[in-house]
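Participant: One structure follows; several queries about it will come next.
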Amino acid sequence: MEDSRQDFSQLGFTKTVVLPALLLFLIPAISLAFFLHAQSSYDNDARASILEQIRTDESLTQEERKNSVEFFTTTPFSTLMRNPEFAAQVESDIQFDYATFRWMIWLSNASILSGIGVFLLAGLCVILSFRSQRAQYLSLSAGWHVLRIYGALQTVAQGTMLLALSYWVTALWFEVYVPKLIFIAGALALVAVGVVIKGIFQKIDNDCTVTGEVIKKDSAGPLWNDLESICNKIGTAPPDQIILGIDANFFVTEQPVHVGEQTLEGRTLYVSLSLLKQLHGDEAAAVMAHEMAHFSGQDTAYSKKISPLLVRYDNYLRALYEGGVTLPIFYFMLCFRNLYEISLGKLSREREFRADRIASDVTSSRDLASALLRIIAYAEYRHQVEADLFNEEQALESANISERIEDGFHEYAVSFAVSEDIGNIATAHPFDSHPPLAQRLQAIDEELDADTTQTFLAIEGDGRWHLSIQDAEQMERQQWDEYEEQFRSFHEENLAYRYLPATEEEEALVTKFFPEVSIEGKKGAVTFTLLQVAYAEWPEPIAYSKILSCTLNDSSVLQIGCKGGGGKPATIKLKSFGSHQQEVIDTFNRYYTRYLAAVEYQKQREAEANSEEAAKSDS
């Protein structure tokens, strides 16, 4: 069964990644076949014309005529045209046509052969990237530069082929040319080149922004002392700074990190105050040892080097995807990006296993195992608490997420310990992919069974590391207050997209985010409210519920088809709003989209309610 799943996975990868990459050769192959055909067609016409002249030339002897017929029958005219002396005797337009065929055939062959070469070279880079972190960085860097340059050259080459085909296909087969088709092909080629150039030189955004409190070495002495002790055992330098936050994870990085107005350079450790409060002291030490192990293995150093390459690669892919005719090149590049992702995932998991082994040696495998279980349980419970709050259908007076977690986490953790899927869950991380919990525990020789898990989670954490940090409670509370207020505001705004106001309270909430908006134009104002849009030239407002269609024609006229409108759409001439045309469009889209979202949400709620009712009836 496992083999069949693997075969299916390999088949799926081939169908979704490898085969689309072969589309790269589609346009060059069509171009090669067509221009070989065009050259052959010209050769046949030229041969027939020359042979006719030879047969009717009475000045030739029988022997001369025979030799001439044999020569021009066996030697293609296109071959003769490569001789400058011979070509000079041919009309200039014929010379130009043959030169075009010759260059297009050369360009097509070069495109196909270079594609095969780059495919093999990039494939070799991918294979080498599995060897080590250094090999991964070097091969990814080399592969990226080769693929980037190749993608740009292919864009120009394939755009040129499309432009040539747009003229010659109709000219050769139908003896006409279509200027509009040529113009479209040329425009598509220029757009493709433009977006690729933009993708190459676009400034990358690789910033890491974190919310928290920065703790330098001259503060939080006990915390730093414990960390330095762990680092000495591992054989690595301690971090340059620590960020204390409330996210449900721990991580280290050497990338620049933005915290408020500060930009931190060097080694950074992120510590979750909320998790420290739930962990035993030895569990927290195991987690810290795991994170410091990433410094010792140069994991963060190579992540810092590789991350910008991946961001540039992804920006370039986005440009190719938006380029239209560059889609075949996009799929070719995407193939190798996905192959590199396999390599990145493999080495990332190996880094985690290595860090786990080091943490187990420095502390104990039991401490690390219980820490991982507690962290995963906490993250799952926090997600559940936030999801329950977000699903509330009334505005929240306060989110009180932290209070709910602290009150209910221990009870949840005990029940979580017997979860069937616990082994398949991985800890969250902003930079690396973590192996499933069962694999990590197996690698440190810890069994994952219900009894062991319950033993680990039955006793509440003592929060020793949390207690050792001066003002930790105050810092945590301040961050939770800010986070919970943001959560409450976001939830309230989301409610505005759920309600079809049935009460004054619901109407007041939606109006808070969608107040009445009136935009003045030369022919009167257009006014948007929660449930309708009104325009001075209309006899009455149009309810969003009556709208069947909305289109914007080439004359900048917004046409709104309505139920019961007699087949004639209501119109708004946007030009009459001058510089406010886009404001009218954006406001209409925003208010009408809100209405459609609310209708869809209410339908979904009704369907869920009916489903629950049916389930109760069946039981």
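FYI, it's all coordinate maths here, none of it is from the lab. Since we're looking at a predicted model, the values are computed, not measured. In this analysis, Cβ positions are derived from the backbone assuming ideal geometry, glycine residues included, and neighbour counts consider all displayed protein chains.
Participant: Calculated from the structure, semi-axes √(5λ) of the Cα gyration tensor in Å equals which of [x] 42, 33, 25; [y] 61, 41, 22; [z] 38, 28, 25?
Facilitator: Read-out taken from this structure: [y].
Participant: Using θ = phi - 60° and the Karplus curve 6.51 cos²θ - 1.76 cosθ + 1.60, what whole-Hz ³J(HN,Hα) does each residue of the range 365-376 get, with Gly and Pro shown as x?
Facilitator: Running phi through 6.51 cos²θ - 1.76 cosθ + 1.60 with θ = phi - 60° gives 5, 5, 5, 5, 4, 5, 5, 4, 4, 5, 5, 5 Hz.
Participant: For a quick check: sort 145, 290 by the number of other beta carbons within 10 angstrom, fewest at the front. Intermediate values should be presented prior to the final figure.
Facilitator: Working: 145 12, 290 26.
In increasing order of surrounding Cβ atoms, one gets 145, 290.
Participant: Can I ask one more? For the range 37-90, with only Lys/Arg (+1) and Asp/Glu (-1) charged at the beta-carbon, what is the dipole magnitude about the Cα centre, in debye rounded to 20?
Facilitator: Dipole of the range 37-90, to the nearest 20 debye: 160 debye.
Participant: Using a Förster distance of 51 angstrom, determine the FRET efficiency expected from the C-beta separation of residue 411 and residue 130, and round it to 0.05.
Facilitator: 0.70
Participant: If each residue of separation counts as 0.36 nm, what is the full-extension length gain between residue 106 and residue 184 once their alpha-carbon separation is subtracted? Could you put the intermediate results ahead of the total?
Facilitator: Details: separation 78, 0.36 × 78 = 28.08 nm, distance 2.42 nm.
Net length gain for the segment: 25.7 nm.
Participant: Continuing with this model, one more query. Please give, to one decimal in nm, the separation of the simple spin-label points placed at residue 70 and residue 311, each 7 Å out from Cα toward the Cβ.
Facilitator: Each label point lies 7 Å from its Cα, and together they span 7.2 nm.
Participant: Which of the lysines could a cross-linker span from residue 568 if the Cα-Cα distance has to be under 26 Å and same-chain partners fewer than 8 positions apart are dropped?
Facilitator: 522, 523, 546
Participant: Report, in whole Å, the centroid distance computed from the Cα atoms of the range 288-355 and the range 495-522.
Facilitator: Between the Cα centre of the range 288-355 and that of the range 495-522, the gap is 44 Å.
Participant: Using a/c under 1.5 as the rounded threshold, could you call the range 468-619 rounded, prolate or oblate? The axes a ≥ b ≥ c are square roots of the C-alpha gyration tensor eigenvalues, and prolate needs a/b larger than b/c, oblate otherwise.
Facilitator: Oblate shape, in that a/c is at least 1.5 and b/c is the bigger or equal ratio.
Participant: Something else about it: Using the Cβ atoms and a cut-off under 15 Å, what net charge is assigned to the surroundings of residue 240, where Lys and Arg are +1 and Asp and Glu are -1?
Facilitator: With Lys, Arg at +1 and Asp, Glu at -1, the neighbours total -1.
Participant: I would also like to ask the following. How far apart, in nm, are two points set 7 Å out from the Cα along the Cα-to-Cβ line at residue 575 and at residue 556?
Facilitator: Inter-label distance under the simple model: 0.7 nm.
Participant: How much length, in nm to one decimal, is gained on full extension between residue 29 and residue 176, taken as 0.36 nm per residue of separation minus their Cα-Cα distance?
Facilitator: Full extension from residue 29 to residue 176 adds 50.6 nm.
Participant: While we're on this one: Could you list which residues have their amide H under 5 Å from that of residue 550, counting only those 5 or more apart in sequence or on another chain, with H placed in the peptide plane?
Facilitator: 561
Participant: Oh, and also: Compute the longest continuous run of the chain that contains no exposed GluC sites (Glu not before Pro); treat a site as exposed when its DSSP state is not H, G, I, E or B and it has at most 16 other Cβ atoms within 10 Å.
Facilitator: Here the longest segment lacking exposed loop sites spans 266-391.
Participant: So, one more: Restricting to Cα pairs below 8 Å that are 6+ residues apart, what does the relative contact order work out to for the range 504-618? Please round to a whole percent.
Facilitator: Relative contact order comes out at 17 percent.
Participant: Something else about it: Determine, from the Cβ-Cβ distance of residue 602 and residue 549 and an R0 of 22 Å, the FRET efficiency 1/(1 + (r/R0)^6), rounded to the nearest 0.05.
Facilitator: Once the sixth-power term is evaluated, E becomes 0.50.
Participant: Sorted from fewest to most neighbouring beta carbons within 10 Å, what does the list 103, 224 look like?
Facilitator: 103, 224
Participant: Taking the simple approach of a point 7 Å from Cα along Cα-to-Cβ for both residue 146 and residue 18, what is their distance in nm?
Facilitator: Result for the modelled spin labels: 1.8 nm.
Participant: Applying 1/(1 + (r/R0)^6) with R0 = 30 Å to the Cβ-Cβ distance of residue 492 and residue 205, what FRET efficiency is obtained, to the nearest 0.05? Don't jump to the answer; show the numbers that get you there.
Facilitator: Details: r = 29 Å, r/R0 = 0.98.
E between residue 492 and residue 205, to the nearest 0.05, is 0.55.
Participant: Still on this structure: How high is the relative contact order of the chain? Use alpha-carbon pairs under 8 Å, at least six apart in sequence, and give a whole percent.
Facilitator: It comes to 12 percent, rounded to a whole number.
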